[in-house]
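Written below as structure tokens is the structure these notes are about.
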Amino acid sequence: MHPQKKQEIMDDLEDFANGQSFYQKTGRAWKRGYLLYGPPGTGKSSMIAAMANYLSYDIYDLELTEVHNNSELRTLLMKTSSKSIIVIEDIDCSVNLTNRKKNNKRNYCDPEVRCGSGSACGGEDGGNSITLSGLLNFTDGLWSCCGSERIFVFTTNHIEKLDPALLRSGRMDMHIYMSYCSYPALKILLKNYLGYEESDLDYHVLKELSDVVDKAEMTPADISEVLIKNRNYKQKAVTELLEAMKTRADRNFQCGSLRDKISDEEEQEKRALETPSEGSEFEEPCKEGENKEKMKS
């Protein structure tokens, strides 16, 4: 990822790990929440592993669809140890935690009940259900204060689908956007996989890479795959990567032009539909004026 962003995260993790006296002095629970969001393949799971390695913390990977109710969720929290990272990946897919403000459709279930996948609310077997309130208490309630030095990490590909109550500070304190590969991140990948420093590459190649990387919108996973495949042929790896990025950039440009064209056509069609009605409103007074002139004559 971008070195500056990575350093900010490392500094925040260090402040947390060394902040026992601060949390005791302020009376706050010694915990912190991180939300990792962005397109698939941008390194969210890798970031969690890096955080655990950096702090030497344990990881608890929680699968919400296997948790039957709030009580079981609370029991699992009590079983976690200090100096640990509690992870819920793809939280928007694990349970239905969609934004209540955007969800205007009525549901057969209580609006606060979020059902796990593969279960039905009010089914014969009861299903496995977790309430939004239960999950909020899990991250920021009384029971979350038991134990210390815990980090909660949620990941999602669609942050807009999550309820705002889950995203506020105190629950998810730091929101980290995992973006498509940038030029500084690309240079790190070239160094890690091919051993290339910036000085090892031709100026024109570097210029082309820097010009196309943002337009290509390729994830670090996509770029890594090209480099790994050709790691024994370094020059070939760079050439293929450049071609792949140019192809992706052209495709993105065409898709963007197509979207703009469709939007323009829809706007023109909308105006065409509105024009007759607007025209008729202005035509009537003219006709009345003509009739009055005829009557005078």
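Quick notes on this structure:
- Subset of Lys25/Lys83; Lys44/Lys215; Lys161/Lys215; Lys5/Lys234; Lys44/Lys191; Lys83/Lys215 violating a 31 Å alpha-carbon distance limit: Lys83/Lys215
- Potential lengthening between Thr75 and Lys229 on full extension [0.36 nm per residue; Cα-Cα distance subtracted]: 50.9 nm
- Database remark: amide H of Phe152 closer than 5 angstrom to the amide H of Arg32, Gly33, Tyr34, Ile86 (H placed geometrically; neighbours at sequence offset of 5 or more, or on other chains; Pro and chain starts carry no H).
- Linear extension gain, Lys6 paired with Asp61, 0.36 nm per residue minus alpha-carbon span: 17.5 nm
- When the GluC sites (Glu not before Pro) in the stretch 1-102 are filtered for DSSP coil states and for at most 12 other beta-carbon atoms within 10 Å of their beta-carbon, the remaining sites are Glu63.
- Projecting label points 7 angstrom from Cα along Cα→Cβ for Thr247 and Ala50 puts them 2.8 nm apart.
- Working note: Karplus 6.51/-1.76/1.60 with θ = phi - 60° gives the stretch 152-164 the couplings 9, 10, 10, 10, 7, 8, 9, 5, 5, 7, 7, 5, x Hz, where Gly and Pro are set to x.
- Within the shell of other residues whose beta carbon sits under 10 angstrom from the beta carbon of Asp12, the net charge comes to -4, with Lys and Arg scored +1 and Asp and Glu -1.
Each reported figure results from applying straightforward, stated rules to the coordinates on display, with no laboratory input. As the structure is a prediction and not an experimental result, all values here were calculated from the model. Heads up, the Cβs are rebuilt from the backbone with ideal geometry, glycines too, and the neighbour counts pull from every protein chain shown.
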